[in-house]
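Computed from the coordinates by the stated procedures, all read-outs in this text should not be read as laboratory data. Given the structure is predicted, the values throughout are model-derived calculations rather than measurements. No Cβ is skipped: glycine too gets one built from the backbone with ideal geometry, and neighbour counts run over all protein chains shown.
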Amino acid sequence: MISKIVMLGIVGAGKGTQAKRLSRYLDIPHISTGEIFREAVKKKTPLGLKAKSIMEAGDLVPDDIVIGIVEERLKEDDAQDGYILDGFPRTITQAKEFDKLEDLDRVFYITIPEEESVKRLKGRRICSKCKKEYNIYLADDDTEECPCGGKLIQREDDKEETVKIRIDNYIEQTEPLIEYYRKNNLLVEIDGDQEIDEVFSNIKETL
Ligand code: AMP
């Protein structure tokens, strides 16, 4: 079974959205390094204190810290039958170090045009309570509340000035992973510029 999975793609491609669905479908955990760091920032742990300013600037957390965090997370019980990594690896160093630890089954590379990435990130809003994501460009109404009662907020690093830095970092540091995984025969390309359900059914068809 395909169970050790990486979601790759430009920021805003829909990696998290698809990872959550795939996680329910395959019953394996969705592991988002960004989410781990955001939780650490919120709880003001030593990791969070280190990561906060880096993340707010749109930069990448140093490789050794990220690899250590992922290695620890994969030791937990729920990850023993597989996982979906979202936002990791993000550099060639991370990918190479990870290859020493694990044998991946599949890398889904979700593609969208760069202009779409900018638009999606600027429009993204997240429920402060249940973490459900919305997009003001997609929503039928302009509600400021989630049905759960939580307020819809913008991620600090989704603000316009930071989005450009994140995209530049993606192009410079993460894009080389496409060739890396293509050479390893792990890459499956998925058109992310479609309805969420369509993207997911394209992913399912390849399993
Ligand atoms: P994300 O939620 O995946 O967009 O991640 C949010 C932020 O967390 C990124 O902009 C980085 O600052 C940091 N981060 C998440 N994953 C990684 C990673 N694999 N390597 C370095 N930094 C990361």
Exercise for the section: Restricting attention to segment 116-158, report how many residues are without any contact (Cβ under 8 Å) to a residue 12 or more places away in the chain and more than 18 Å from ILE196 (Cα to Cα). Expected result: 6
Exercise for the section: Filter segment 82-97 down to residues that are farther than 17 Å from PHE37 by Cβ, free of Cβ contacts under 8 Å to residues at least 40 places away in the same chain and either touching a Pro at 6+ places or on another chain (Cβ under 7 Å) or crowded, with 17+ Cβ neighbours inside 10 Å (or both), then give me how many there are. Expected result: 1
Completion exercise
Per the filter on segment 60-81, residues among the acidic types (Asp, Glu), surrounded by fewer than 16 Cβ atoms within 10 Å (Cβ to Cβ) and under 16 Å from LYS96 (Cβ atoms) are ASP64, GLU71
Handout entry: Unmet criterion (only one of (1) surrounded by 19 or more Cβ atoms within 10 Å (Cβ to Cβ); (2) within 15 Å of THR91 (Cα to Cα); (3) more than 8 Å from the ligand (Cβ to nearest atom)) for VAL11
Key = (3)
Practice task
Could you tell me whether any residue of segment 47-59 is more than 10 Å from the ligand (Cβ to nearest atom), surrounded by fewer than 19 Cβ atoms within 10 Å (Cβ to Cβ) and within 15 Å of the chain's Cα centre (by Cα)?
Solution key: no
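Of these, GLU76, GLU71, GLU39, which one is more than 10 Å from the ligand (Cβ to nearest atom) and in contact with a helix residue (DSSP H, G or I) (Cβ under 7 Å, 6 or more places away or on another chain)?
The conditions single out GLU71.
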Exercise for the section: Kindly establish whether THR174 is buried (at least 18 other Cβ atoms within 10 Å of the Cβ), closer than 24 Å to VAL61 by Cβ and in contact with a Ser or Thr (Cβ under 8 Å, 6 or more places away or on another chain). Expected result: yes
